[in-house]
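Notes follow the structure.
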Amino acid sequence: MTSLPTRTRLGYGAGSVATGAFGTVPGLMLLPYLTDTVGVAPLFAGLVLLLPKAWDVVLNPIAGRISDRTVDARGPRRPWLLRGGLGLVVGFGLIFAAPHLPMALTTLWVLVAFVATATAYAFFQVPYVAMPAELTDSPVERTRLLAWRVVLLALAILIAGGSAPAIRDAIGGRDGYRVMGLVMAVVMLVGVLAAYVGTRNASSTTVAPAAGGLRSQLALVARVRDFRVLLTTFVVQALAFGAMLAGVDYLARHVLADASRDNADGLSTILFVCFVGPGLLLTPLWAAVARRIGKKRSYVVASLLLIVATVVLVGARSLPHGVTFVAVAVVGIGYAGAQVFPMAMLPDVAARDAELSGESRIGIFTGIWTAGETLGLAVGPGLYALILALGGYVSSDGGEVTQPSSAVTAIVLGFSVLPALLVAASLFWLRSYSLKEGTDA
């Protein structure tokens with residue numbers, strides 16, 4: 001078994017600072033920004049979030065194919081960490097930076113900036129996710145590598161997601177969003193540079209790039225059954241996580257808060273920390289569980305934990321705050337496992353395919369994977385926005401609005417029942433995953 005040095009694990013994991021911040025902050029902050037500061041109707045705001053990510057679904061497999069065929073002394077993936085990463089940083093700084101414009105022009109600014117940022121992100125994330133299958137030939141070592149990544153991912157999500165609303169609330173209004181966007185861009189820059197420099201001396205296994213065009217390779221990958229079922233499971237769960245992420249600010253402000261505005265602001269941060277914090281502490285425990293019972297069974301356990309906790313949150317309107325926070329923390333424990341296991345199983349599937357075929361399709365695998373994840377995390381907030389619209393949620397351009405009872409109910413259902421149903425549905429596909437534990441654990 002090839003053991004990776006700590007500096008490589010840490011360097012690779014540092015890239016999650018960028019992916020975690022970008023994967024979290026738009027999902028957490030952009031929908032409230034559009035509905036409660038710009039004044040965009042929920043359905044249209046959800047569409048603005050969806051379109052850039054839908055573009056990524058098309059772009060990510062192409063980015064994977066390009067990185068597969070990149071010839072560079074630094075390796076096929078590392079140059080894209082720098083190119084895509086720097087574009088990501090600049091683009092994200094612009095998303096919330098619109099000057100005072102009419103609602104339509106501000107919305108257009110957000111849409112264009114978000115599309116550009118999503119494009120750069122594709123060329124960072126796809127090569128980044130592809131790297132574990134090439135850094136080591138050991139499935140066990142990949143699990144360790146991915147555990148490091150998820151710990152750092154949880155830390156990045158915790159810092160970015162916890163500080164973003166705090167920065168916004170400390171400054172207030174559109175200026176608060178602008179400063180928050182710039183600070184998060186700097187955080188992403190740290191992750192990009194750390195990943196690029198930290199993997200500089202890492203060895204890399206070499207497998208010949210797959211022959212044929214992109215369409216033929218996509219067709220071949222689609223016929224890999226274990227990949228199909230694992231991807232479907234992951235995407236359906238991403239819908240659930242995207243919906244919950246979008247609902248944090250709404251739940252804090254319209255369900256848990258009392259008449260005090262300061263209380264509402266603090267609750268947003270507390271809720272988010274409860275959601276993400278357990279992952280930072282318990283990811284190593286999930287890795288130990290996987291070594292004992294296998295990745296697939298551990299994935300099922302994490303998913304069941306998610307379902308139970310989200311069902312409890314149906315009573316958020318009447319439960320004591322402490323019970324709600326504990327339930328959200330249990331969701332966070334399940335969420336940590338639901339991130340570790342599929343990300344550790346994906347390189348196993350891709351490596352097994354390379355072993356059987358003699359060709360590397362890891363870029364295509366990860367391109368499709370990240371496209372599915374991106375789409376799920378975009379459609380999730382879109383589904384949440386749809387539920388808000390059905391509940392009669394009232395948008396505003398910055399003023400305080402008293403929401404009807406039906407809108408408050410929609411906020412709770414979108415945060416609890418919707419994710420529970422989606423995670424439960426995902427287990428239908430996970431049960432068909434068949435790569436043997438002797439191979440993948």
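Every condition in (1) part of a loop (DSSP other than H, G, I, E, B); (2) without any contact (Cβ under 8 Å) to a residue 24 or more places away in the chain is met by Val323 except one, and the failing one is (1). Residue count for region 34-51 satisfying the condition of being in a helix (DSSP H, G or I) and out of contact with any Leu (no Cβ under 7 Å at 6 or more places or on another chain): 8. Residues in region 179-212 that are at pLDDT below 75 and under 26 Å from Gly87 (Cβ atoms): 4 in all.
Taking the residues in region 381-396 that are part of a helix (DSSP H, G or I) and modelled with pLDDT of 90 or more as candidates, determine which candidate is surrounded by the most Cβ atoms within 10 Å (Cβ to Cβ). Only one residue tops the list, namely Tyr384. Picking from Val90, Val150, Val126, Val58, which residue would you name as being at pLDDT 75 or above, β-branched (Val, Ile, Thr), within 12 Å of Gly15 (Cα to Cα) and part of a helix (DSSP H, G or I)? Within the list Val90, Val150, Val126, Val58, the selection yields Val126. Any residue at all in region 36-44 that is among the polar types (S, T, N, Q) and surrounded by 24 or more Cβ atoms within 10 Å (Cβ to Cβ)? For region 36-44, residues among the polar types (S, T, N, Q) and surrounded by 24 or more Cβ atoms within 10 Å (Cβ to Cβ): absent. Across region 272-292, which residue is surrounded by the most Cβ atoms within 10 Å (Cβ to Cβ) among those that are modelled with pLDDT of 75 or more and among the small types (Gly, Ala, Ser)? So, considering only residues that are modelled with pLDDT of 75 or more and among the small types (Gly, Ala, Ser), the one surrounded by the most Cβ atoms within 10 Å (Cβ to Cβ) is Ala290. Applying the set (1) surrounded by 15 or more Cβ atoms within 10 Å (Cβ to Cβ); (2) at pLDDT below 90; (3) closer than 30 Å to Ala351 by Cα to Ser426 leaves exactly one unmet item: (2).
Out of the residues in region 91-105 that are surrounded by 16 or more Cβ atoms within 10 Å (Cβ to Cβ) and farther than 23 Å from Ala130 by Cβ, state the one that is farthest from the chain's Cα centre (by Cα). My answer is Ala98.
The values are calculated or read from the model by the stated rules, or taken from the named source; none is laboratory data. Being a predicted model, the structure only gives us computed values, none of them experimental. Using ideal geometry, Cβ is built from the backbone for each residue, glycine included, and neighbour counts are taken over all protein chains shown.
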